[in-house]
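Values quoted throughout were computed directly from the atomic coordinates according to the rules given, and no laboratory measurement underlies them. What you are looking at is a predicted structure, and each value in this text was computed from that prediction instead of being measured. Cβ coordinates were reconstructed from backbone atoms using ideal geometry, including for glycine residues, and neighbour counts include every protein chain displayed.
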Amino acid sequence: MSKVLYVHAKGGPPLGHALTRVAARSAVHLLALSELPASVAADAAGLCVSVAAPGPEQWEDLVELIARRAREVGADAVVTFSEYAVVAVAEAARLLGLAGAGAAAALARDKRSMRDVWERHGVPQPRFRAVASLADLEAAAAELSFPLLLKAAWSAGSTAHQIIRSRSEVEPAWDRSRAVMAESAQLGYAELHVSGAGLDFIVEEIVTGCAEEWFDGSGWGDYVSVEGVVADGLFRPVCLSGRMPTVAPFTERAGITPAALGAGAQERVVELARRAVEALGLEDCGTHTEIKLGSDGRMWVIETAARFGGAMTVPQIEEVFGVDLVGMFTDQLLHRPVEWPAHTLRPDEAKGAAGSLVVLAVDGDGEPWVRRHVWDSRTVLRSAPLSAGSTLSVVTESSLSDGTTVPVYDPAGGANTMAALCLLSADDPQTVVHDFTSLVNALPLFLPTAACEEVTA
């Protein structure tokens, strides 16, 4: 039987989902660079031939650590679904002569290099500058047009995003973003392979989106993501996922599969994603490409990744389209025949719709809750206002334990301040948007109030 070394770190699809599907295709040896979620640890022991959890003191040469472990277990493939381990795993696979994202993996992680490549290929994107110091940021602010968005070059989940509206906000934004990246590293949400990655940033002009011209229904955000894979160097788009509007500055609240775009609009979006992905020169990897939708058909590529979408994107695709991305990609790395979808799957080919909601302590308008509340999954499942035919579940491994006080939302912290992740299944995408909108408004009404009610902005 084939052997796969599965490198686990923070982020990506839930470990419980991905691990079971890799284990169905091969013998799995787990290399845990992050602590296993309590709800998955016991199952992992049963699914895996071995579980190794080296401490950070052994990560000085992470590529060699991964390669050495792969040799020890005789791995035929090395896989990760974590944004933070993508580069290290790609480099280890190259060292071992195994299939992987290839030498271009870092281009799909470092937003500075990514944007440089797209600029050379004429891929439409917001105007930007790479910044590594306050002086760089001040110079960029003098060249670009406000408002600006400061991003960490190696971050994920909207961590350390800061909107800069004037010259007076440049220095506070720089200080805050650097502090958040340091805090995120302590939580395990940081690039694992590149030393000093938390000090690299880009700043870009904020382009104006227009969801109303792309979607028939209300409540949609002004960007979508193209979910796909690069197999043997060929980009294969699978489907599109939509969003609800982000929470300021740009923290994702909910993702919906499929995105309810018309056929013509979907084709144009996919073609732009193809240009962006192919420009990077990837070999074998999942892809997740975010595209901003503007008025009069305008589009801009925000970023792409050499891995599948995080949160519940992968389980959602499997639920509504019957496509097991993790299992198929495992076969791809093992050089087995794989029949990827012959075309980008459309909403009319989906069986219903599914969405994932990140629970943040803000209302539908993005305003902080007036009181502190305690997370209680049973209350949520019992009291959630759902449409007929809709079902809701809580993703335990991605949620706080019941009885934990919901964190105050920190705009700079992004998804780091989430309380829980919920999965909704419904008859169609618009119903998912409707039900999530109702749930967001209802959460502070029925969640228990915390003993300490003070909310600090």
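A few points about this structure:
- Label zone (residue 182, point 7 Å along Cα-to-C-beta; backbone nitrogen cut-off 20 Å) within the range 119-163: 131-138, 150-156, 159-163.
- Counted by neighbouring Cβ atoms within 10 Å, the residues 344, 80 run from fewest to most as 344, 80.
- Mean separation of Cα contacts under 8 Å (6+ apart) over length of the range 207-351, as relative contact order %: 26 percent
- By the count of other C-beta atoms within 10 Å, a proxy for reagent exposure, 210, 48 are ordered fewest to most as 210, 48.
- Residues in the range 344-376 reached by a label modelled at residue 446 [backbone nitrogen below 18 Å; 7 Å Cα→Cβ]: 357-364, 373-376
- Ignoring lysines fewer than eight residues from residue 111 along the same chain, the ones with Cα atoms less than 29 angstrom from its Cα are 10, 151, 292.
- Charge dipole (Cα centre; +1 on Lys/Arg Cβ, -1 on Asp/Glu Cβ; no other charges) of the range 207-351 amounts to roughly 200 debye.
- Segment residue 391-residue 136, extension gain: residue separation times 0.36 nm, minus the distance between their alpha carbons: 86.9 nm
- With the simple model of a label 7 Å out from the Cα in the direction of the Cβ, residue 119 to residue 165 spans 2.8 nm.
- Dipole orientation for the range 3-98: of the candidates 53, 33, 22, 22 has the Cα lying most toward the positive pole (charges on Cβ; Lys, Arg +1; Asp, Glu -1).
- Most to least packed among 88-94, 176-182, 397-403 [average Cβ atoms within 10 Å]: 88-94, 176-182, 397-403
- Residue 127 versus residue 3: modelled label distance in nm, points set 7 Å from Cα along the beta carbon direction: 5.5 nm
- Of 317, 163, the sequence from fewest to most neighbouring Cβ atoms within 10 angstrom is 163, 317.
- Taking a sphere under 15 Å around the Cβ of residue 403 and counting the other residues whose Cβ falls inside, with K and R at +1 and D and E at -1, yields a net charge of 0.
- Relative contact order for the chain, counting Cα pairs under 8 Å that sit 6 or more residues apart, in percent: 16 percent
- Estimated distance in nm for a label pair at residue 71 and residue 199, the labels positioned 7 Å out from Cα along Cα-to-Cβ: 3.2 nm
- Relative contact order of the range 3-98: 40 percent, from C-alpha pairs under 8 Å at least 6 residues apart in sequence.
- Dipole magnitude (debye, nearest 20) for the chain, charges at Cβ of Lys, Arg, Asp, Glu: 460 debye
- At an R0 of 30 angstrom, the distance between the Cβ atoms of residue 212 and residue 103 translates into a FRET efficiency of 0.10.
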